[in-house]
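The structure appears below as structure tokens.
The values are calculated or read from the model by the stated rules, or taken from the named source; none is laboratory data. As the structure is a prediction and not an experimental result, all values here were calculated from the model. Cβ placement follows ideal geometry from the backbone for every residue including glycine, while neighbour counts extend to all protein chains displayed.
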Amino acid sequence: MRVVSDSSPLITLAKIGRLELLPQLYQAITITPEVYAEVVVSGAGL
């Protein structure tokens, strides 16, 4: 299954150390450039 994600589930899974669940559940996850900026660029200090 392919999904489009916003930042909330990505940030939450990162905070609880469970990002490894995503490839177990989904074949591909698409995010927008804005979500990338919020999660990766702004979230680098998590």
Do the conditions hold for Leu21, that is, is it surrounded by 12 or more Cβ atoms within 10 Å (Cβ to Cβ), modelled with pLDDT of 90 or more and touching a helix residue (DSSP H, G or I) at 6+ places or on another chain (Cβ under 7 Å)? no
Where residues in the stretch 24-46 are of a type in the set (S, T, N, Q) and over 10 Å from the mean Cα position of the chain (by Cα), which of them is modelled with the lowest pLDDT? Ser42
Among the residues of the stretch 3-21, how many are under 8 Å from the mean Cα position of the chain (by Cα) and among the aliphatic types (A, V, I, L, M)? 5
Out of curiosity, is Leu22 assigned to a helix (DSSP H, G or I) and touching a strand residue (DSSP E or B) at 6+ places or on another chain (Cβ under 8 Å)? yes
Looking only at the stretch 1-18, how many residues end up being touching a residue at least 12 places away in the same chain (Cβ under 8 Å), under 19 Å from Val41 (Cα atoms) and touching a helix residue (DSSP H, G or I) at 6+ places or on another chain (Cβ under 8 Å)? 6
Anything in the stretch 25-46 that is in a loop (DSSP other than H, G, I, E, B), surrounded by 11 or more Cβ atoms within 10 Å (Cβ to Cβ) and among the aliphatic types (A, V, I, L, M)? List them, or say none. Ile31
